[in-house]
Amino acid sequence: MTDSSSKMSEETADMADMAAELIHAKMESAKADGHMTHVLRIGTFHMELVPDSNINVEDIFNTMIDKLMKKYGEKLLQINIQQIKADAEQRHYG
C-alpha cells in the first residue's frame, strides 16, 4: 500500500525538473569558471546556462518559461523590491 505522498504530482514533477536544470547549470558553471553565461531573468527568477555546443539554450529557456507560466501565470511577472535586493545580495560572481 502506498500513501498519497509517494505519488509525484505533475506540479511536483515540474518543480523537480526546474531544480534539476538549475543544479546542472550551477555545476557546469563551476567547471567553466571564467566563461560567460546565458542568463534568463523574469521578475525575481534567475537562471544561468554555461555555453555548450550540446545544448540548445533557446529550447531550454522556452521550456523553462512555459513551465513557469504554467505554474505561476501572471504572478510570475510581479516583482517585489525587497526580493530583488535579497536576490542581489545572494548572487556572487567571480
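Rule-based calculations on the coordinates, nothing more; no lab input. Note that the coordinates shown come from a computational prediction; the quantities given were computed from them, not determined experimentally. Every residue, glycine among them, receives a Cβ derived from its backbone with ideal geometry; neighbour counts consider all protein chains shown.
Remark: LYS75, LYS67 ranked as LYS75, LYS67, counting other beta-carbon atoms within 10 Å and listing the fewest first.
Quick one: if the Förster radius is 25 Å, what FRET efficiency do GLU10 and ASN54 give, using the C-beta to C-beta distance and rounding to 0.05? Kindly include the intermediate steps, with their values, before the conclusion.
Values: r = 28 Å, r/R0 = 1.11.
Approximately 0.35, to the nearest 0.05.
Here the label points at GLU74 and ARG41, each 7 Å from Cα along the C-beta direction, are separated by 2.5 nm in the simple model.
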